Structure formats: C-alpha cells, structure tokens
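Engineer: Let me give you the structure first, and then I'll get to my questions.
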Amino acid sequence: NHTEAYVLYGRLLDASGRLDDGLAMKLRALARDPSSPFVHLAIALSHWNQRRYDESIRWATKTLDLDSKHLLAREFLAGAYWKMGAFDRHMAENIKHAESYGVSAEALDPMKRAYAAGGRADVVRLALDRAGVQPIGFPDFQLALFHAEMGDLDAALASLDRAIDGHDPGLVDLAVAPQWDLLRSDPRFHERVVRMGLAHAADAQRPVPPPA
C-alpha cells in the first residue's frame, strides 16, 4: 500500500526532525487517497509537531468529518486547544473523547467538578491522585506529562524512564513533539533523548510557526 508507506515514512521523517519533509511525504499520500482519515490525521500530526496548532485543529476536524468516531482525531483537537491555552475547549474535547470510549456521565462527574473548582490544574491533580487506583490507570508517558504540568520534573522524568524502559510507542516523537516542551529545558530530558537515539532530531532546525 503506497499511501500507507508514504505516511509511515513521513512519520519517520517527523521523528527524525525533518518536519517539512515529513509533511511533504504525507501530502503525497493525500494526493493518492484524498478521502483517507488515516492520511488526514497524519497531516494533523505534522502540524502539531511544527507547533502550528490552528492547522492541526483544521486537519483533525477534517479527519472527524470523514470518520466521526475517530478517537485519535479527538485527542489531537484536545491537545491543540491545551497548547493554545483554550482550556474550556480542551475540556470539552476530553469529555467527548471519554464519551466515545463509553465512559458514563457519572464517571465523568469528578473531572467536571475538579475543572469547575480549579481549572486544568485541579483536573491534573485528580488524575495523579487516581493514577494508581483506576482499573486501567494511565500509561507512564502520560504520567510524565501530568507531573511536568504540575512542575514536578523529578517525578516526570522517573515516569518517562519507565516509559522508555517499556519501549512505549508513544515516545516516537519525543525529540520534536510539543507536549514534551514542558521538560525540554531540563538537561536530564536531553539525556533521555540521547538514550532514545534521537539527539540528531532534537538538534534539527524546526520550522518557525507562522504569525497568528
């Protein structure tokens, strides 16, 4: 499947720090299959890694137009709003995402109450408080991000180490993805990037986002 091959190679280029080349490869896939949700989401990912959040939202929305139940597209929407500081929109997308997974309104009530009481910070505190007691819990890379949001970099890096040891595929974009900017200024984070064999990607020139 040439379309899938173009997308997968584009993702490899992204992870290697060649963000423009990665996007170009995915646009080649789009030319071959213009109605593929898989391709549209891959393009949303490229814009996410380039910090072009408006474009990431646009392509994630297009993905949902093609597949209204596409859960990863909903995650990208939530993530883009989070990075833009639009926390009400971020919360709304998180709720829609959870509902798509079949989470009941009763189960979502504590998160809604936490957000009403203290905004995003209280939601993160709630997630960390429940991380060890939920039936499913959170993957270590997500715990790393939660701890980073709360400013606990030691705990964040400890969770990141566990994710690396577990070969979590969610770390493939570690060197370039904006969610890790919370840790990027800490030299210990660069040590983890080197450990992953991605130092060259972290040093690559990233495109400057267009002015708002």
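The values are calculated or read from the model by the stated rules, or taken from the named source; none is laboratory data. Model, not experiment: these values are computed from the prediction. Neighbour counts run over all protein chains shown; Cβ positions are idealised from the backbone, glycine included. Heavy atoms of the whole protein, side chains included, go into the accessibility calculation; ligands, DNA and RNA do not. Shrake-Rupley method; radii C 1.70, N 1.55, O 1.52, S 1.80 Å.
Engineer: Which residue pairs have Cβ atoms closer than 7 Å, lie 6 or more positions apart in sequence or on different chains, and pair a first residue in segment 19-33 that is open to solvent by less than 30 Å² (accessible area, probe 1.4 Å) with a second residue that is among the β-branched types (V, I, T) and assigned to a loop (DSSP other than H, G, I, E, B)?
Structural biologist: These pairs meet every condition: L19/V176.
Engineer: Next question, about the same structure. I'd like the full set of residues that are farther than 15 Å from D173 by Cβ and hydrophobic (A, V, I, L, M, F, W, C), limited to segment 26-56.
Structural biologist: L27, A29, L30, A31, F38, V39, listed by residue number.
Engineer: Please find, among A127, A163, the residue that is part of a helix (DSSP H, G or I), modelled with pLDDT of 95 or more and not acidic (D, E).
Structural biologist: After applying the criteria, what remains is A163.
Engineer: Looking at (1) open to solvent by less than 50 Å² (accessible area, probe 1.4 Å); (2) in a helix (DSSP H, G or I), which is the only condition G137 fails?
Structural biologist: (2)
Engineer: May I ask you to list the residues in segment 165-198 that are open to solvent by 40 Å² or more (accessible area, probe 1.4 Å), more than 17 Å from Q142 (Cβ to Cβ) and among the hydrophobic types (A, V, I, L, M, F, W, C)?
Structural biologist: V194, M196
Each row is one residue, and each column tells you yes or no for (1) open to solvent by less than 50 Å² (accessible area, probe 1.4 Å); (2) part of a loop (DSSP other than H, G, I, E, B); (3) in contact (Cβ under 8 Å) with a residue 24 or more places away in the chain; (4) not aromatic (F, W, Y).
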{"position": "H47", "(1), (2), (3), (4)": "yes, no, yes, yes"}
{"position": "S56", "(1), (2), (3), (4)": "yes, no, yes, yes"}
{"position": "R74", "(1), (2), (3), (4)": "yes, no, yes, yes"}
{"position": "R89", "(1), (2), (3), (4)": "no, no, no, yes"}
{"position": "G102", "(1), (2), (3), (4)": "no, yes, no, yes"}
{"position": "L108", "(1), (2), (3), (4)": "yes, no, no, yes"}
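Engineer: Hey, another quick one. Scanning for something modelled with pLDDT of 95 or more, within 17 Å of R51 (Cα to Cα) and part of a helix (DSSP H, G or I), does segment 169-179 turn up at least one residue?
Structural biologist: yes
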